[in-house]
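Heads up, the thing below is written out as structure tokens.
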Amino acid sequence: MYLPNIEEFPAFSLKRLLSTCFGNTNNAGAKICILIDLPDLSLMHDGKFLVSDGFSVQKKAHNVFLKELIEGVSDSLSYSGNNFFAFKTTGGSNLDPEDAATNFNGDSLSLEQDIYPNFDIILAITDYSLTAPLTASAKIHGFRGATLHGVNDIILNSGLAVDYNEISKQAELFRAALDQSASFELDFEVFGSKSTLIIDCAGQSAQKSHGLCPGGIPDVANLPAGEVYFVPTSASGSFPFRFSDGTLAQMEVENGAIISATLLRGDQGKVDDRNKQLQEDPATGIIGELGFGTQLLPFSGKDIQDEKILGTCHVATGRSDHLGGTLTPDLFNSRLNASHDDILYAPPKTPEINVAEVRMVKNGEHTPILRDFQPTAFLLDQLASEYPVEKFATSVC
């Protein structure tokens, strides 16, 4: 796995990020705003969160993004507005937020009535991903946007400092190579045991997250971008899962969904809780995405960037409507369970788990595309025109 140093990237520029993601045309007079999430909306009043412990992401939103907007980035790109709002933290990835919002003055506002209909570009810089609900709202209200949850200094100075026109070209090469695959086979190794997860794609068109959100089409970019993904039609087999505390479990999959979990190491209570959730709300186990990273980036410690790194792969459970799938929040037994949760496999994130091989099944052929977190010779040949493929010959995980 080739991991560039952060020194290889240009300095972060909000002007470059906005102009590449949203384009330089059709933006004259466009109103732009920033959304952050806070556990208590009173922390927004008079900027209390800025002098409180924690809230590193929200402070980045204010001290970097809003600061550059106010200092003239918006003028050079013909934007207007520069508003800054907060809503209540959802507590989970891609959960629908409550409608209440506020500003520095402490005004009681509504996302649906005061914010979504009144802005052309919305940047959600939050702890928890807002991609699914913001995408759904963009289609209703006609705005464009970007979600940048979990921003830290590494992400700011690498994944958000790139030229997304180039990232789009790279993602398209990867997308074309995997397009219309029948299925993928993922071989895992953990503690000497092997397992395989088979994800069916039924020859669907591969999709790409490439960071470009030009004018004319309501849409939301997930940044950093650089990913090719599928919405599975079914899945079967088993795969290892690492909980946030390091507990490891084996997940059994039938008919496109996780049906049970078995402890491999760690806290049995974590596994029991997951099995209880699967029984009470089976939609939480549905496999809603298979994704592959396409960028050359350093690890940031945040999945939003690390799942975009070439050599990594991720499986997601739950909500899939923002990806073109059919699993919507109303199909869960509880609104609090209607999340989209990525399960990332990467050496720093899942050190006990190796993805020994990923095979693409297309036209009756089984073609390895990743092996031990490295792109195979087949994949590198497909990517050669846009990637420094020679660097993979001596790279290490």
Given the options Asp127, Asp53, Asp153, state which has the largest fluctuation in a GNM of the chain using a 10 Å cut-off (strictly under) for Cα springs.
Asp53
Once label points are set 7 Å from the Cα along Cα→Cβ at both Glu71 and Lys139, what is their separation, rounded to one decimal in nm?
3.9 nm
To the nearest 0.05, how large is the calculated FRET efficiency for Gln268 and Leu331 if R₀ is 35 Å and r is the Cβ-Cβ distance?
0.75
In the chain, what percent of the accessible surface is made up of carbon and sulfur (1.4 Å probe, ligands and nucleic acids excluded)?
48 percent
Surrounding net charge for Phe104, when Lys and Arg each add one and Asp and Glu each subtract one, Cβ distance under 11 Å:
-1
Working out 0.36 nm times the residue gap between Val51 and Gln279, then minus their Cα-Cα distance, what length gain in nm do you get to one decimal?
77.7 nm
Cα-Cα over 23 Å, subset of Lys59/Lys208; Lys15/Lys139; Lys15/Lys59; Lys15/Lys60; Lys60/Lys208:
Lys59/Lys208; Lys15/Lys139; Lys60/Lys208
Taking Cα Rg over 2.2 N^0.38 Å as the quantity of interest, determine which of (1) 1.28; (2) 1.12; (3) 0.97 was computed from the displayed structure.
(3)
If exposed GluC sites (Glu not before Pro) are those in a DSSP loop with at most 13 other Cβ within 10 Å, what is the longest stretch of the chain that has none?
99-351
Under unit Cβ charges (Lys, Arg +1; Asp, Glu -1), what dipole magnitude, rounded to 20 debye, does region 26-153 have relative to its Cα centre?
260 debye
Pick from Thr102, Thr326, Thr126: which is most flexible by mean-square fluctuation in a GNM of the chain where alpha carbon atoms under 10 Å apart are linked?
Thr326
Longest the chain segment clear of chymotrypsin sites (Phe, Trp or Tyr not before Pro) sitting in DSSP loops (not H, G, I, E or B) with at most 16 other Cβ atoms within 10 Å runs 244-397
Under a GNM of the chain (C-alpha, springs under 10 Å), which listed residue has the highest mean-square fluctuation: Ala30, Ala138, Ala171?
Ala30
Amide H of Gln207: which non-local residues (sequence gap of 5 or more, or other chain) have their own amide H closer than 5 Å, using H built in the peptide plane?
Tyr229
Give me the 1.4 Å probe accessible area per residue for the chain, excluding ligands and nucleic acids, in Å².
40 Å²
Note down the accessible area of Lys139, probe 1.4 Å, to the nearest 10 Å².
140 Å²
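The values are calculated or read from the model by the stated rules, or taken from the named source; none is laboratory data. Every value quoted in this text rests on a predicted model; they were computed, and no experiment measured them. Counting neighbours? That spans all protein chains shown, and the Cβs are built from the backbone with ideal geometry, glycine included. SASA here: full protein model, heavy atoms, side chains in, ligands and nucleic acids out. Shrake-Rupley method; radii C 1.70, N 1.55, O 1.52, S 1.80 Å.
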